[in-house]
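Asks: Let me begin by handing over the structure; questions about it come next.
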Number of protein chains: 2
Amino acid sequence: MPSYTAPTKDMQFVLHDLLKVSQGDIPGYDELEPDFTNAVLEEAGKLTSEVVAPLNVSGDKEGCTLENGVVRTPTGFKEAFEQVKAGGWTGLDMPEQYGGQNMPYVLGSAVGEMFSGANMAFAMYQGLTHGAASAILVHGTDAQKDTYLPKMVACDWTGTMNLTEPHCGTDLGLMRTKAASQSDGSYKITGQKIFISSGEHDMADNIIHLVLAKIEGGPEGIKGVSLFIVPKFLVNEDGSLSARNGVAVGSIEEKMGIHANSTCVMNYDQATGFLLGEEHKGMRAMFTMMNEARIGVGMQGLSQAEAAYQNALIYAKDRLQGRAVTGDQNPDGPADPLIVHPDIRRSLMDQKSFVEGARAFILWGATLIDAAHRGGDEAADGLISLLTPVIKGFLTDQGYDMTVLAQQIYGGHGYIEEWGMSQYTRDARIAMIYEGANGVQALDLVGRKLAQDGGKHMMAFFDLVKNFIKENGGADADFDREFLEPLKAASKDLQAAGMYFMQNGMKTPNNALAGSYDFMHMFGHVCLGLMWARMGKAAREALKTGTSDAAFYETKLATGRYYMVRQLPATAMHLTRIESGADTVMALDADNF
Amino acid sequence: MPSYTAPTKDMQFVLHDLLKVSQGDIPGYDELEPDFTNAVLEEAGKLTSEVVAPLNVSGDKEGCTLENGVVRTPTGFKEAFEQVKAGGWTGLDMPEQYGGQNMPYVLGSAVGEMFSGANMAFAMYQGLTHGAASAILVHGTDAQKDTYLPKMVACDWTGTMNLTEPHCGTDLGLMRTKAASQSDGSYKITGQKIFISSGEHDMADNIIHLVLAKIEGGPEGIKGVSLFIVPKFLVNEDGSLSARNGVAVGSIEEKMGIHANSTCVMNYDQATGFLLGEEHKGMRAMFTMMNEARIGVGMQGLSQAEAAYQNALIYAKDRLQGRAVTGDQNPDGPADPLIVHPDIRRSLMDQKSFVEGARAFILWGATLIDAAHRGGDEAADGLISLLTPVIKGFLTDQGYDMTVLAQQIYGGHGYIEEWGMSQYTRDARIAMIYEGANGVQALDLVGRKLAQDGGKHMMAFFDLVKNFIKENGGADADFDREFLEPLKAASKDLQAAGMYFMQNGMKTPNNALAGSYDFMHMFGHVCLGLMWARMGKAAREALKTGTSDAAFYETKLATGRYYMVRQLPATAMHLTRIESGADTVMALDADNF
């Protein structure tokens, strides 16, 4: 059975060597001293490795069951959830006012990776609750916040997001769910929502559904969509639970993976709902949740890759098969371990350089969110808005590919459910789809984010890269050659792609859209390239100033060199594709496919 | 539920426009007139689409069950198998002497793709039988052939191949299964084999296991391995079934996919076995089966991609979501079909250009096998030996990726088992693993095949490309630019990679092995590039000489242009990685991962 060990040490490296969080001038960051974050991460690591991870395989096997309207989560889930709640982990970065611990998002993100890596399906129950609570926090009235947030921050009540309907996912303007205004200011919600993660289950006393619906008589299409709070049980003024609301699970889906998370068809039949935010501004309110969810989903890509990699590494060191071409490495054994073989190394290094780069990227992104939300930094807000589709799309695509690589190392055993490696790919697969399929992320990136605010966020990113190269170049020829030059080349490719879009996409938008997916991937590579260059610098600094753990920093440098040489050059291929434009992509009539 | 339509028309194009099989001078090819092959393919298409394909989803859902030593295949499998047998499909390319129809392998391959595309798990029962029969055909005594082949050609008895043991898959030298010589010339086989596809089931009267084992007292390691025929039921002289042999299924595996094929642990306890081929030459005999199986597995990559693509295309035309950026394409409907969106096109064109290129590649490979086996063409034999790991490794990796793309087009519905798209990825995943994991294919290619016979097969391939470009260049500037120049560039990359291996891999083998996987992929791209150039030529010829189906040939050209512009440039990236050598790959000590 696979195991999970929280990557605490690497997180500490990212937080302190790379991001130097405790020196940052973001409110709350001064608390993030290495000893403190280490204590938090160690504790979370223990809980996730010992309590949450052991339920991953069993949860997948057992799945959720629906009987008489009751969804049962797998054996042990409820008990583990109680432990997570008791430890205060569900409100780590939530306001103290509502029972949270008011920690920065960056620390919540690190802890979040652990939960997701240990058991993705399990972590979703609290993850979606966090997203729903955030939406209420930003858009709710004081009364709504007081009613729902304390319970949701504690995960005594969980949350969901209800967007998709059978005939519409991406194109929410086609939505049919209706909201009828009532004289008391509430609404009656009627319609069917599908693919509702954690829609119904047995781990919480109440479930707070955030539901998109159209108020009758409102504008057509997406402009007539509003967001509603629809609790499973209505809530009395004193906070106690009242009548069961008109919402019920219709069925649960049989899925490729995340079996332990209940994916529900939810039927709303004159359910009482309360407007969250403004009428017809539902998408705006939902996007508070969506943006957080998208970064959280990007993290799922990373977390599944990390968990799969850990196990692939154990297997590669353990499994004896064949001999190293350069001479026996395990002469007393019947064969050498897999890890001696160059092609196994290639695979492991692909995985290692991805997960460490992705972790830095995610946590850097989290500091941008903290800077925006806690520090009111508009530039950071713009930059993370630009990077969100990259985090979601690139990290889930690559994360999935890494789980496939990890599975491959097991040979036939990787295909057998008993060994648990198939689950990582099956679970990771959903991350490419939900919260906006990755093609939609690419569209969002190229069609919207790239030119947002006159393109200034994209320019800011390029400046960031340029300035890093400028500030750190010329001091050491090795560093220049190994890190800065590849980064410069990749960034140049990215700029050339942006230029191509400007010159060819204005008149013929298909020229931009046909290259959107490649652009998202090349952007992701440049982000990881930037992260590796920064980590390379941090590692060199640590080695220069003296460290008792030179092997760790040397390994970091070697891993970065690998990424620069083996992964980053993908940008050139993406650029070639982008510059070929839309002609070959759009050449066929639909009938001629 | 997904559907499957046999790609008869495209197969006819490959057989006749491209390969011009009926004009070939390979024995038996003169029978392959278009009318004849069309009749065969139409008939096979009907059977696979109407009888075999409808059992794909139900077979996945129901799976195989083991009770009291009896494995039950899913409902309907036995009846469908009887229909396949009654139609004579199982012996299409087998000798008439043993009840086959003696058709060339190329026709058997086209039909094989249909069976595999319709239902991969189902097709494996006959596919493995075919492989086992081939091994007996080549290495068996006349008596063995007479005893087993008529029944196996008819699939009254099915076959298996038994290589893997719990502690060894790739490294068969570690094998522990023993064969004890008996006074009557037979052997007693004792040991455990795992991952035995179709190892036990209820669709045949007898199962003929081909089992690798070590004769006691023989040489150590792989040089002491022999191959044995171990029937489930011993066979009397008159061909009737005798006593149950000492072989039994221990358990069946729970797998990620191919649920409808029983993957068995087989326990041999003093089972009677009969030497097939020579003592201690078991690997050679097994490789007759393995090479065929590897090409068959490459075809599974193609077939699952084809089936998934067909359904993704239907969905992309059917599902209304969003509007084309260039203006409404379906103004009377609530939204446009997915296929109007450039990023959906990109995905569909990736899939289409892959499956059509891969089909040409596989069928061309089959003509090489026919030329070698039927025509005694040693050059063809050498070339297909070189290409076998490319067919297996590249087509299964890419085929899998295409099933992921197809699934992605369905959005959330792609993740739900009800829609059947998850099954294509789950089934296709095994093809990257079994019959030698793809990393092993890359090792075989670079470590063995590349330099085989003084490297003359690789040189022959380069000559093939060079001559095609030379013979067809200069006549038309469009064709030169669109097809020949990209092919030339890609082939140059491949040559540069080969050169790098020669210059850097001799002294430091890791420099070659660290690039083996990239080499396999770039080789695959060049093969598909060559196929597309040849198909482009064929399409242009058809258009020039006049055809009633201009749209088909124009589509072929457009699809080829896409591959040349969007896929073939990947060779440059692979070359960059290869030329970076082994340093970054092998930098870390195992302990520092």
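Asks: If I compute solvent accessible area with a 1.4 Å probe over the protein chains, what percent of it on the range A:505-552 is carbon and sulfur?
Replies: 55 percent
Asks: Residue by residue through B:312-318, how many Cβ atoms from other chains fall within 10 Å of the Cβ on average?
Replies: 1
Asks: State, to one decimal in nm and shortest first, how far the label point of residue A:205 sits from each corresponding label point in the other identical copies (label point: 7 angstrom along Cα-to-Cβ).
Replies: Ordered by increasing distance: 7.0 nm.
Asks: OK, next. Find which of A:321, A:291, A:311 sits farthest along the positive direction of the dipole of the range A:291-333, computed with +1 on the beta-carbon of Lys and Arg, -1 on that of Asp and Glu, about the Cα centre.
Replies: Of A:321, A:291, A:311, it is A:291.
Asks: Let me ask you something else. When every alpha-carbon pair in chain B is counted, what percent end up more than 42 Å apart? Each step should come with its number before you reach the end.
Replies: Details: 38476 of 175528 pairs.
The answer is 22 percent, as a whole percent.
Asks: Debye calculation, C-alpha points only, no solvent: report log10 I(q)/I(0) for the range A:192-274 at q = 0.16, 0.25 Å⁻¹, in the same order as the q values.
Replies: -0.69, -1.21
Asks: Provide, as a two-decimal number, the C-alpha radius of gyration of the range A:159-301 over 2.2 N^0.38 Å, N being how many residues it has. The partial results should precede the final answer.
Replies: Values: Rg = 14.8 Å, N = 143, 2.2 N^0.38 = 14.5 Å.
The reported ratio for this selection is 1.02.
Asks: Hey, got the dipole for chain B? About the Cα centre, +1 on K and R Cβ, -1 on D and E Cβ, debye to the nearest 20?
Replies: Once rounded to the nearest 20, the dipole reads 1020 debye.
Asks: From the C-alpha gyration tensor of the range A:372-454, pull out the three semi-axes of the equivalent ellipsoid (sqrt of 5λ each), sorted largest to smallest, in whole Å.
Replies: With the √(5λ) rule applied to the range A:372-454, the semi-axes are 35, 13, 9 Å.
Asks: Ok, one more. For chain B, find the longest principal axis of its Cα atoms and tell me its angle to the long axis of helix B:105-118, 0 to 90°, nearest 10.
Replies: Rounded to the nearest ten degrees, it is 80.
Asks: Along each of its three principal axes, how wide is the spread of alpha-carbon positions in the range B:443-593, in whole angstrom units, largest first?
Replies: That gives 65, 34, 23 Å along the principal axes, largest extent first.
Asks: Follow-up question, since we're still on this one. Run through the other copies and list how far each one's label point is from that of residue A:34, in nm with one decimal, shortest first; the point sits 7 Å from Cα along Cα-Cβ.
Replies: List, nearest first: 7.6 nm.
Asks: What does the accessible area per residue of the protein assembly as shown come to in Å², with a 1.4 Å probe and no ligands, DNA or RNA counted?
Replies: Dividing the accessible area of the protein assembly as shown by its residue count gives 35 Å².
Asks: Additional query: Please tell me which of these pairs span more than 23 angstrom C-alpha to C-alpha: B:193/B:232; A:317/A:392; A:193/A:223; A:20/A:537? Write out the running numbers ahead of the final one.
Replies: On the way: B:193/B:232 14 Å; A:317/A:392 32 Å; A:193/A:223 19 Å; A:20/A:537 13 Å.
Over 23 Å Cα-Cα: A:317/A:392.
Asks: Follow-up question, since we're still on this one. Give the separation of the Cα centroids, the range A:427-464 to the range A:93-113, in Å.
Replies: Centre-to-centre (Cα) distance: 25 Å.
Asks: On to the next question. Using protein heavy atoms only (no ligands, DNA or RNA), what is the total accessible area buried between A and B, 1.4 Å probe, nearest 100 Å²?
Replies: On the way: alone 24470 and 24490 Å², together 41370 Å².
Using a 1.4 Å probe on protein heavy atoms, the buried area is about 7600 Å².
Asks: Report relative contact order for the range A:480-593 in percent, whole number only (criteria: Cα-Cα under 8 Å, sequence separation at least 6). The partial results should precede the final answer.
Replies: Working: 111 pairs, mean separation 49.5, N = 114.
After rounding, I find 43 percent.
Asks: Taking 7 Å along the Cα-to-C-beta vector as the label spot, tell me the residue B:325-residue A:216 distance in nanometres, rounded to one decimal.
Replies: Modelled inter-label distance: 3.9 nm.
Asks: If you take every DSSP beta bridge whose two residues both sit in chain B, what share of them, in percent to the nearest 5, is antiparallel?
Replies: Taking every DSSP beta bridge with both residues in chain B, the antiparallel ones total about 80 percent.
Asks: Would you mind getting the Kirkwood hydrodynamic radius of the range B:504-560 from its Cα pairs, rounded to one decimal in Å?
Replies: 13.6 Å
Asks: Another question, if that's okay. Working from the alpha-carbon coordinates of the protein assembly as shown, get Rg over Rh, Rh being the Kirkwood radius.
Replies: 0.97
Asks: Return a whole-number percent for the relative contact order of chain B, with Cα pairs under 8 Å and 6 or more residues apart as the contact set.
Replies: Value for chain B: 13 percent.
Asks: I need the fraction of alpha carbon pairs in the range B:265-359 separated by more than 24 Å, rounded to a whole percent.
Replies: On the way: 2362 of 4465 pairs.
Percentage above 24 Å: 53.
Asks: Could you quickly flag the chain A residue whose beta carbon comes closest to the rotation axis taking A to B, and that distance in whole angstrom?
Replies: So the closest residue, with its distance, comes out as A:573, 2.
Asks: Which value, in debye to the nearest 20, gives the size of the charge dipole of the range A:301-361 about its Cα centre, when Lys and Arg are +1 and Asp and Glu are -1 at the Cβ?
Replies: On the way: 7 positive and 8 negative charges, 25 e Å.
That gives the range A:301-361 a dipole magnitude of about 120 debye.
Asks: Quick one: longest stretch of chain A between exposed loop GluC sites (Glu not before Pro), exposed meaning at most 11 other C-beta atoms within 10 Å and loop per DSSP?
Replies: For GluC sites (Glu not before Pro) (loop position, at most 11 other Cβ atoms within 10 Å), the longest site-free span of chain A is A:238-593.
Asks: Follow-up. Which distances in nm, rounded to one decimal and ordered from shortest, link the label point of residue B:480 to the equivalent label points in the other identical copies, with labels set 7 Å from Cα toward Cβ?
Replies: Those separations, rounded to one decimal, come out as 4.3 nm.
Asks: Using a simple spin-label model with points 7 Å from Cα along the Cα→Cβ vector, what separation in nm is obtained for residue A:67 and residue B:9?
Replies: Inter-label distance under the simple model: 5.3 nm.
Asks: Still on this structure: Taking each pair of distinct Cα atoms in the range A:124-205 once, what is the resulting Kirkwood hydrodynamic radius in Å?
Replies: Final number for the Kirkwood radius of the range A:124-205 is 14.2 Å.
Asks: Among B:513, A:403, A:121, which residue has its Cα furthest toward the positive end of the charge dipole of the protein assembly as shown, with +1 on Lys/Arg Cβ and -1 on Asp/Glu Cβ?
Replies: B:513
Asks: What number in nm² do you get for the range B:356-412 if you take the convex hull of its Cα atoms and divide its surface by four?
Replies: Average of the hull's projected areas for the range B:356-412 equals 4.2 nm².
Asks: Something else about it: From largest to smallest, what semi-axes in whole angstrom does the range B:1-118 give when each is the square root of 5 times an eigenvalue of its alpha carbon gyration tensor?
Replies: Each semi-axis is √(5λ); the values are 31, 17, 10 Å.
Asks: Might you report the magnitude of the Cβ-based charge dipole of the protein assembly as shown about its Cα centre, with Lys and Arg at +1 and Asp and Glu at -1, to the nearest 20 debye?
Replies: For the protein assembly as shown, the charge dipole is close to 1320 debye.
Asks: Using bins 10 angstrom wide from zero, how does P(r) for the range B:281-413 break down, in % of all Cα pairs?
Replies: 12, 33, 24, 16, 10, 5, 1
Asks: Using the 2.2 N^0.38 Å rule of thumb for compact globular proteins, work out how the range A:336-492 stacks up: its C-alpha Rg over that value, please. All intermediate terms of the calculation are to be shown ahead of the outcome.
Replies: Working: Rg = 18.9 Å, N = 157, 2.2 N^0.38 = 15.0 Å.
Here the Cα radius of gyration is 1.26 times the empirical estimate.
Asks: Over the range B:216-330, what is the mean sequence separation of C-alpha contacts under 8 Å (at least six apart), divided by residue count, expressed as relative contact order in percent?
Replies: Details: 103 pairs, mean separation 30.2, N = 115.
With pairs under 8 Å counted, the relative contact order is 26 percent.
Asks: Report the Stokes-Einstein translational diffusion coefficient (µm² s⁻¹, integer) for the range A:109-156, Rh taken as the Kirkwood radius over Cα pairs, at 4 °C with viscosity 1.567 mPa s.
Replies: Estimated via Stokes-Einstein, D reaches 114 µm²/s.
Asks: Indicate the residues belonging to the range A:573-588 that lose 40 Å² or more of solvent-accessible heavy-atom surface (probe 1.4 Å) upon moving from the chain alone to the assembly of all protein chains, ignoring ligands and nucleic acids.
Replies: SASA drop of 40 Å² or more in the range A:573-588: A:573, A:577, A:584, A:585, A:586, A:588.
The values are calculated or read from the model by the stated rules, or taken from the named source; none is laboratory data. Note that this is a predicted model, so its numbers are computed, not measured. Cβ atoms come from the backbone with ideal geometry, glycine included; neighbour counts cover every protein chain shown. We work out accessible area using only protein heavy atoms, side chains counted, and drop any ligands, DNA or RNA first. Shrake-Rupley method; radii C 1.70, N 1.55, O 1.52, S 1.80 Å.
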